[in-house]
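Here's the structure we're looking at; comments come further down.
The values are calculated or read from the model by the stated rules, or taken from the named source; none is laboratory data. Owing to the predicted nature of the structure, the values given are computational and were not obtained by experimental measurement. All Cβ positions, glycine included, derive from the backbone under ideal geometry; neighbour counts span all protein chains shown.
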């Protein structure tokens, strides 16, 4: 019996993997797609220039006047890109497509895993995973455009993976669903081995995307409210998982992300987040009284928990979570799980011939959807050259002619510049993890120059010089750059020296005369100082030795030099990042040792007669 069930799982997983691979096989054959609106260049840049930064605290000098590497972005997707590029002898752009393809195919497999734990039925779990593969049920509740039921049949997950920025988010969801499944099994069986695997996957999910943290918190709350004797195992798994990922999800980073989120409308939460978690807790308490089956309780709670943030934002404009509108991927997975959990007891009452008829209808619908998704994928994942884009040509020109200068790239050029060359930018970071809020306000003032008297061109140039930008890249309204963020780009033609121009984009010199800097290693920079106390145009962080913070959030040095002198600054990550690196290592070692001991004990246990 156990062998037959194992075979059923293998066949179901194989069919699901084949189905999604068939739909999106261009992920594994194309070399680049050049969607310049996306953050694909952002991940390629990290993969290309990270070097040894994966393993030790390092400074990332390329974006926003510099930041700790651990604060650039969740590292898992860039790491996988770098590994695939090296092992497969591919470009980073091609490796990104391969990683995205694997993540796209893995999503339904994770849904299957959690569904089979909830339903204990390979058939119902398979139906849930197919429904997740071939539908976009979120469009019935929070449509991206005008409500139209036909959009529930769109290949939305494919579009978000191929064109936009959801590969890390989707990968985090894959591991979060798998972790939830293993945690439920661990609680049922009181299994240390399943608990260890769940803890590890929680850490991996956080390394994939910080979106995993609220999703894992909500899923953990749902597990606690739907299962008996689950609190300690759930909380301890969450703590161990965070410890594994802690260098890239440090307390200081999470607090900073929260502060940054309050500066843009879609990120503001305040007390509303607590209200959302309280809503889930109250619903869980009520369901414990009204619903006897733990799987149904969990499915209902999880669907409520991940539907509430985008729905409340859509209907009332309130954020239960930062960027609440992006939790539709979780909503679609939850709806697929809820549908089969609720349908299972009803369908089990139907005669076998009736269930066979339902299966036949679903097979016909799935076949039709597969054909439509396949046609869409062929058009969507098309080959396009990166090297001829204005983003590539601008970055390569700056790397050749201004290799040690800091340049303000704009819009899609900032997102892609470091995918092509190791240029130093005034912008470029993910806005949700921007290291210096004063710099972010300055960038906004620069983009809006000319829109009111306080935002004049001269004020914009002053801010550029204050933060050490030697040049600014300005796309016109009819340029090839995608986002065109400057409100009045024509202002920059007045009195500024053009250094380069192509496809409607012009590079202007700012006349900056900031501190001279020369990077002598990943964590070392040689700076020329003019007096006893000088500011250096690098963002301050406690990891820079013998420095302090100035009014702009940059480094201030009290050198004691009576005349111009050169000083080498050294970055060591600071005590927090060094401590968390060791915490992560010891947690992984502890889990590995415990699993080894458990396996040895199991192997040495006497077999039953």
Q | Which listed residue, of 158, 114, is touching a helix residue (DSSP H, G or I) at 6+ places or on another chain (Cβ under 7 Å), at pLDDT 95 or above and within 19 Å of residue 379 (Cβ to Cβ) | A | 158
(Q) Please return the ranges of helices (runs of 4 or more DSSP H) entirely within the range 61-138 where 2 or more residues are touching a residue at least 40 places away in the same chain (Cβ under 8 Å) and within 22 Å of residue 50 (Cβ to Cβ). (A) 76-88, 92-119
Q: Count, please, the residues in the range 390-404 that happen to be outside any helix (DSSP H, G or I) and touching a residue at least 60 places away in the same chain (Cβ under 8 Å).
A: 2
Q: Kindly check whether there is at least one residue in the range 591-605 that is loosely packed, with under 11 Cβ neighbours inside 10 Å and outside any helix (DSSP H, G or I).
A: yes
**Q.** Tally, over the range 561-573, of residues that are more than 14 Å from residue 527 (Cα to Cα) and more than 34 Å from the chain's Cα centre (by Cα)
**A.** 1
(Q) Quick check on my filter: what residues within the range 139-151 are buried (at least 20 other Cβ atoms within 10 Å of the Cβ) and in a loop (DSSP other than H, G, I, E, B)? (A) 142
Q) Just to be sure, is residue 106 within 20 Å of residue 166 (Cβ to Cβ) and either surrounded by 21 or more Cβ atoms within 10 Å (Cβ to Cβ) or in the same structural domain as residue 182 (by TED's automatic domain parsing) (or both)? A) yes
Q: Residue by residue through the range 177-209, note down the ones that are within 13 Å of the chain's Cα centre (by Cα) and either assigned to a helix (DSSP H, G or I) or modelled with pLDDT under 95 (or both).
A: 204, 205, 206, 207, 208
Q: Might you let me know whether the range 371-380 holds any residue that is more than 20 Å from residue 484 (Cα to Cα), without any contact (Cβ under 8 Å) to a residue 12 or more places away in the chain and not in a helix (DSSP H, G or I)?
A: no
Q) Just for the range 512-565: of the residues that are touching a strand residue (DSSP E or B) at 6+ places or on another chain (Cβ under 7 Å) and without any contact (Cβ under 8 Å) to a residue 12 or more places away in the chain, which one is nearest to residue 497 (Cα to Cα)? A) 549
(Q) Which residue is surrounded by the most Cβ atoms within 10 Å (Cβ to Cβ), if the candidates are limited to the range 407-436 and must be outside any loop (DSSP other than H, G, I, E, B) and modelled with pLDDT under 95? (A) 433
(Q) Just checking, does the range 437-445 include any residue being part of a loop (DSSP other than H, G, I, E, B) and in contact (Cβ under 8 Å) with a residue 12 or more places away in the chain? (A) no
Q: Being buried (at least 21 other Cβ atoms within 10 Å of the Cβ) and in contact (Cβ under 8 Å) with a residue 60 or more places away in the chain is the filter here, so list the residues in the range 446-472 that pass it.
A: 467, 468, 469, 470, 471, 472
Q.
Which count do you get for residues in the range 492-505 that are within 30 Å of residue 540 (Cβ to Cβ) and loosely packed, with under 15 Cβ neighbours inside 10 Å?
A. 0
Q: Determine, yes or no, whether residue 239 is part of a helix (DSSP H, G or I), surrounded by fewer than 22 Cβ atoms within 10 Å (Cβ to Cβ) and more than 16 Å from the chain's Cα centre (by Cα).
A: yes
(Q) Between 475, 489, which is over 30 Å from residue 549 (Cβ atoms), surrounded by 15 or more Cβ atoms within 10 Å (Cβ to Cβ) and free of Cβ contacts under 8 Å to residues at least 24 places away in the same chain? (A) 489
Q.
Could you check the range 27-71 and list, in sequence order, the residues that are under 20 Å from residue 372 (Cα atoms) and either surrounded by 19 or more Cβ atoms within 10 Å (Cβ to Cβ) or within 19 Å of the chain's Cα centre (by Cα) (or both)?
A. 27
Q) in contact with a strand residue (DSSP E or B) (Cβ under 8 Å, 6 or more places away or on another chain), more than 15 Å from residue 404 (Cα to Cα) and outside any loop (DSSP other than H, G, I, E, B) - does that describe any residue in the range 462-469? A) yes
